[in-house]
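In what follows, a structure is listed as structure tokens, so that the remarks can point back to it.
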Amino acid sequence: MKRCTVIIPDAGPFNSLWVADRLDLLLALDMRLVVVDAVYDELTSDLSYPKDRAVKAFIDGNQPPFVIESTEIGEQERKKRRSGKKLKKNAGELAIVDFMSSDDGLRKYVSVGEPVAILFEDAGIRVFNKPPNLHLLSTVGLLRGLERVGVIPSADAIIHEMTHPSKPDRRPADTRVFTDLPDGVDDPAAIGSSWVPS
């Protein structure tokens, strides 16, 4: 039984970890990883771009632990794409709101009382009436935690690679900007769990 379900409702953590060539750290968590369908579609929409190809191969090749959660908005946008219709520019954001507020989205995971963590970068991610078993964790907060428990030797080295890309296929335009440096966001659950990656 995994200790926690990690929900990744925005593309930021994937983009940042790809820039540093460290997508593998998501697997090091050894937890179920839930991705909203419209976010997956956004992340993998342009297979001529190395990031989209790498993220698609990574998620597709690791199911489980990855689970793609369907949303009505994601399904509507995929139908539009198949029929050649114009897509909504904010479909990903709408799908996230749908997932975070619907009974068959986030609530499905937190209602059973097991610990759930939201891994995010988008400052717009808000959980109103935060359930007591829900953790909020930013990419920087995740890296700080992984360093504390010895999974990685240096969070700063990975953050530097994200903010100063040097790996193959990375461009200056891939540079990540974090608003939560130096410590990141690590908002623990009020009750129900206490965990660190090991």
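Right, THR71: within 21 Å of ASP21 (Cβ to Cβ) and at pLDDT below 95 or not?
Judged against the criteria, THR71 is not a match.
Of LYS88, LYS56, LYS51, which residue is among the basic types (Lys, Arg) and over 18 Å from the mean Cα position of the chain (by Cα)?
LYS88
Tell me yes or no: at least one residue of the stretch 24-40 is open to solvent by less than 10 Å² (accessible area, probe 1.4 Å), closer than 19 Å to THR163 by Cβ and touching a residue at least 12 places away in the same chain (Cβ under 8 Å).
yes
Among the listed residues ARG144, ARG107, identify the single one that is surrounded by fewer than 15 Cβ atoms within 10 Å (Cβ to Cβ) and of a type in the set (D, E, K, R).
Residue meeting the stated conditions: ARG107.
Just to confirm my filter: which helices (runs of 4 or more DSSP H) fall fully inside the stretch 22-125 and include at least 1 residues that are more than 30 Å from ARG171 (Cβ to Cβ) and out of contact with any strand residue (DSSP E or B) (no Cβ under 8 Å at 6 or more places or on another chain)?
Here the list reads 72-83, 91-101, 106-110.
Could you go through the stretch 8-19 and let me know if any residue there is of a type outside the set (Asp, Glu), open to solvent by less than 10 Å² (accessible area, probe 1.4 Å), modelled with pLDDT under 90 and under 29 Å from HIS164 (Cα atoms).
Yes.
Which of the following residues is in contact with a Ser or Thr (Cβ under 8 Å, 6 or more places away or on another chain), under 29 Å from PRO182 (Cβ atoms) and surrounded by fewer than 16 Cβ atoms within 10 Å (Cβ to Cβ): VAL149, VAL116?
Exactly one of VAL149, VAL116 is in contact with a Ser or Thr (Cβ under 8 Å, 6 or more places away or on another chain), under 29 Å from PRO182 (Cβ atoms) and surrounded by fewer than 16 Cβ atoms within 10 Å (Cβ to Cβ), namely VAL149.
The values are calculated or read from the model by the stated rules, or taken from the named source; none is laboratory data. For clarity, every value in this text was computed on a predicted model and none was experimentally measured. Note that each Cβ is placed from the backbone with ideal geometry, even for glycine, and that neighbours are counted across all protein chains shown. Areas reflect the complete protein model, heavy atoms only, side chains present, ligands, DNA and RNA absent. Shrake-Rupley method; radii C 1.70, N 1.55, O 1.52, S 1.80 Å.
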